Number of protein chains: 2
Amino acid sequence: MDGAVLIGVDWGTSNLRVLRIGEGGAILDARSDPRGAGGLVPEAFPAVLAEVADGWLDSAPPILVCGMAGARGRWREVAYLPTPATLVDLADALASPADRPELKIVPGLKAMAGGRMIDVMRGEETQVMGLDLEPGNHRIVAPGTHSKWIAARPGQVVGYRTFMTGELFAAIRKGTILGTGMGEPGVDESAFADGVDRALTDPALTSALFSVRVETLADRLHPDGAADYLSGLLIGAEIAAHSHDTHGPVTLVGADALNARYATALKIAGFSDVRLADGAAAVACGLWRIHQASLR
Amino acid sequence: MDGAVLIGVDWGTSNLRVLRIGEGGAILDARSDPRGAGGLVPEAFPAVLAEVADGWLDSAPPILVCGMAGARGRWREVAYLPTPATLVDLADALASPADRPELKIVPGLKAMAGGRMIDVMRGEETQVMGLDLEPGNHRIVAPGTHSKWIAARPGQVVGYRTFMTGELFAAIRKGTILGTGMGEPGVDESAFADGVDRALTDPALTSALFSVRVETLADRLHPDGAADYLSGLLIGAEIAAHSHDTHGPVTLVGADALNARYATALKIAGFSDVRLADGAAAVACGLWRIHQASLR
């Protein structure tokens, strides 16, 4: 196993990542596959994992899975734990599919208010556990399809809120007039900043979105920058919900390009202490720490 | 012509309606066709109109067209007039395709602020002109794909703002996880009201949208009502941008079912004077009045 102590699995809705994890949570090797949990029936999971992890399971290493494999109707439903939840809470609630007792799945977390479940996550709780946070209160932002703003302390998720930023970007681009002729984001920083500004100052998002069209018709927005402007509008709308409190650390835990876009937008909004963390490394380290805690 | 004095054409992005219009703006007969202006090159318009209006054009009646036929790249671009704009302003700016001098197209309107174009409409200006408004200030809401909130006086559009409510509903339903298993709206009034309430009290729409999923997972929202809840969220978000001022008349000018949904949502938001007008009748009467004004 070349020093691997754990096989980690991050089974998202639309993507699967299998990791060979060494001491301390380091990623020794990684493989990706498009067979996300969202498209699999329960019986399909073992074969997909065996295929993607080909050769890595021969020595019967411990396997820890986070993400949507534990959702209802997927490999094995693992009930959401309520927030606040600690590393030990997660480790104590690991559960195995009936046919795979050596494999454990990390539970998701349900955010609670007034005794009611008000939000759900599966996967980001593991990322938070993999971060090296100094003592005190933190805000963690896991950007993506369903962005999460997470109130955290070291080893603890206090609460969180989901924003459908990435999925709305894709749906608006594909399914509305705004997407006509729209390219990819990442080419026009000025258009991105304009979109962020607009969202920070205009609370009526469903109207502000139409400005993608108006600004283009008015020749104030070049079609090549329209995707960046739209991205700025949606990321800006997410940040606007938090822009009443720009103090204290905000840690971005995503892929590099997405982290950079959010960092730019957070700075436009006046956030003073923006930190970057690698999302993939955080998942691996979180899986390793949860595994370690489960061995106590 | 059986009393028809005008052939009216309402050429929307995704739908075409041709009307035989009598004295006073009454609809004598109407035909619809799915060949909206959004999918036609300029050269295609004459033949489509001739086919749909088959027989109605034999006596060479006057023809007045509103909507997207006048947009850039369509039949003949007719420049937007700035708001405020009156019935006479529209009548004075009618323009014909080069090959059809007997046919006139109504210009759209551009909303202005600080000398800048901040919004665009094509078609709703004609609806407003077809309403019988008592003297004074009115708010007209034209619900639909791109809902318009229009400040108006009799025979005048003062200003307006677009909300992408209908198009976002379709794109979210088709292109996101929220649409999985979602049926049609119009079956669960309680879920619709819950969505409106949520949008009126939660300004973070991109997060509130995720509640479609959370409420379903928590068994507080039946999947059969999810489309109504989503509709309530989006209509509620549109109304929330205006809910600081619930006094004065608000006139809905759309199809009956959509008018009814908006009326319900406006009442939830505390609007005290909600009136209903038939959108199709308003287009016909508006075309007739603009035509009459053009004959002065």
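Structure summary
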{"quantity": "Fraction of beta bridges assigned by DSSP in the protein assembly as shown that are antiparallel (%, nearest 5)", "calculated": "65 percent"}
{"quantity": "Per residue accessible area of segment A:15-159, 1.4 Å probe, in Å²", "calculated": "41 Å²"}
{"quantity": "In nm, spacing of pseudo-spin labels at A:SER243 and B:GLU134 (7 Å Cα→C-beta vector)", "calculated": "4.1 nm"}
{"quantity": "Nearest-20 debye value, segment B:121-217 charge dipole, Cβ charges on Lys, Arg, Asp, Glu", "calculated": "400 debye"}
{"quantity": "Expected 222 nm ellipticity per residue - DSSP helices of 4 or more, -39500 (n - 2.57), all of the protein assembly as shown, to 500", "calculated": "-10000 deg cm²/dmol"}
{"quantity": "Summed buried accessible surface, chains A and B, 1.4 Å probe, nearest 100 Å²", "calculated": "3300 Å²"}
{"quantity": "Under the Karplus curve 6.51 cos²θ - 1.76 cosθ + 1.60, θ = phi - 60°, whole-Hz ³J(HN,Hα) for segment A:206-220, x wherever Gly or Pro sits", "calculated": "5, 8, 4, 4, 5, 5, 4, 6, 5, 5, 5, 4, 7, 6, 9"}
{"quantity": "Assigned charges on the beta-carbon of Lys, Arg, Asp, Glu; chain B dipole about Cα centre (debye)", "calculated": "800 debye"}
{"quantity": "Against the rule of thumb 2.2 N^0.38 Å, how large the Cα Rg of segment A:35-146 comes out", "calculated": "1.15"}
{"quantity": "Amide proton proximity set for B:ILE118, modelled H, under 5 Å, gap of 5+", "calculated": "B:ALA111, B:MET112, B:ALA113"}
{"quantity": "Crossing angle, helix B:226-240 versus chain B [Cα axis fit, 0-90 degrees, rounded to tens]", "calculated": "70 degrees"}
{"quantity": "Cα-Cα over 29 Å, subset of A:LYS174/B:LYS267; B:LYS104/B:LYS148; A:LYS148/B:LYS174", "calculated": "A:LYS174/B:LYS267"}
{"quantity": "For segment A:138-150, 3J(HN,Hα) per residue [Karplus equation, 6.51 cos²θ - 1.76 cosθ + 1.60, θ = phi - 60°, Hz, x = Gly/Pro]", "calculated": "10, 10, 10, 10, 9, x, x, 3, 10, 4, 10, 9, 10"}
{"quantity": "Within straight-line cross-link reach of B:LYS110, aspartates and glutamates at Cα separation under 18 Å, skipping those fewer than 8 residues along the same chain", "calculated": "A:GLU215, A:ASP219, B:GLU77, B:ASP89, B:ASP92, B:ASP119, B:GLU124, B:GLU125"}
{"quantity": "Dipole moment magnitude, nearest 20 debye, segment A:137-296 about Cα centre, only Lys, Arg, Asp, Glu C-beta charged", "calculated": "820 debye"}
{"quantity": "Environment charge of A:ALA142, counting only residues whose C-beta is closer than 9 Å and scoring Lys/Arg +1, Asp/Glu -1", "calculated": "0"}
{"quantity": "A:ASP219-A:ALA98 FRET efficiency (beta carbon distance; Förster radius 45 Å; 0.05 resolution)", "calculated": "0.15"}
{"quantity": "Total formal charge among the other residues, if their Cβ is under 12 angstrom from that of B:VAL18, Lys/Arg +1 and Asp/Glu -1", "calculated": "-1"}
{"quantity": "Buried on assembly, segment B:135-169 (at least 50 Å² less accessible surface than by itself, 1.4 Å probe)", "calculated": "B:ARG161, B:MET164, B:GLU167, B:LEU168"}
{"quantity": "Contact order normalised by residue count of chain A, Cα under 8 Å, 6+ apart, percent", "calculated": "18 percent"}
{"quantity": "Surface share of carbon and sulfur [accessible, 1.4 angstrom probe, percent] for chain A", "calculated": "52 percent"}
{"quantity": "Kirkwood Rh in Å, taken over all unlike Cα pairs in chain A", "calculated": "20.0 Å"}
{"quantity": "Antiparallel %, DSSP beta bridges [both residues in chain A], to 5", "calculated": "65 percent"}
{"quantity": "From phi via Karplus (6.51, -1.76, 1.60), per-residue ³J(HN,Hα) for segment B:107-113 in Hz, x at Gly/Pro", "calculated": "x, x, 10, 9, 6, 10, 8"}
{"quantity": "Residues B:LEU57 and B:GLN292, FRET efficiency given R0 of 30 Å [Cβ-Cβ distance, rounded to 0.05]", "calculated": "0.90"}
{"quantity": "Lys/Arg +1, Asp/Glu -1 at C-beta; the protein assembly as shown dipole; positive extreme among B:PRO154, A:GLY55, A:GLY254", "calculated": "B:PRO154"}
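The values are calculated or read from the model by the stated rules, or taken from the named source; none is laboratory data. Predicted model only: the values in this text are computed from it and were never measured. Neighbour counts are summed over all protein chains in view; Cβ atoms, including those assigned to glycine, are modelled from backbone coordinates with ideal geometry. These area figures cover heavy atoms from the full protein model, side chains too; ligands, DNA and RNA do not enter into them. Shrake-Rupley method; radii C 1.70, N 1.55, O 1.52, S 1.80 Å.
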